[in-house]
Amino acid sequence: MLTASALLLLATLAGYTLLCAASPFGTCRKCRGFGHKVVLDRKGRPKRDKPCRRCKGHGTRLRVGRRMTNHSRAIHRAGTR
């Protein structure tokens with residue numbers, strides 16, 4: 001039972017690592033990839049609001065796993081120079 005759960009955990013981590021390597025950017029969760037918030041005007045029609053603060057209007061953000069990889073590479077690079 002314990003080995004099966006450990007293997008499942010390792011498989012999940014390996015899959016996430018491959019996802020971060022293949023696609024380092026994911027959609028922003030706040031604006032859902034639009035880059036801005038969609039609001040309704042007084043007549044009920046959708047319109048653009050201000051750019052998203054989290055993704056700065058791009059609609060994508062760096063994944064957490066990729067951010068940790070970049071940080072660990074920078075630490076390693078700084079320590080070996």
Which residue, of Gly26, Gly79, is modelled with pLDDT of 90 or more and under 11 Å from the mean Cα position of the chain (by Cα)?
Gly26
Output the residues belonging to the range 55-81 that are in contact (Cβ under 8 Å) with a residue 24 or more places away in the chain and farther than 27 Å from Thr12 by Cα.
His58
I'm checking my understanding of the structure. Among residues of the range 33-76 that are among the small types (Gly, Ala, Ser) and part of a helix (DSSP H, G or I), which one is farthest from Ala22 (Cα to Cα)?
Ala74
Quick check on my filter: what residues within the range 1-32 are outside any helix (DSSP H, G or I) and either of a type in the set (Ser, Thr, Tyr) or surrounded by 12 or more Cβ atoms within 10 Å (Cβ to Cβ) (or both)?
Ser23, Pro24, Phe25, Gly26, Thr27, Cys28, Lys30, Cys31, Arg32
Check on Lys56, basic (Lys, Arg) and in contact with a strand residue (DSSP E or B) (Cβ under 9 Å, 6 or more places away or on another chain)
no
Check whether at least one residue in the range 33-49 is in contact with a Gly (Cβ under 9 Å, 6 or more places away or on another chain) and β-branched (Val, Ile, Thr), and report yes or no.
no
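The values are calculated or read from the model by the stated rules, or taken from the named source; none is laboratory data. All values reported here derive from a predicted model rather than from experimental measurement. Positions of Cβ are backbone-derived with ideal geometry, glycine not excepted, and every protein chain shown enters the neighbour counts.
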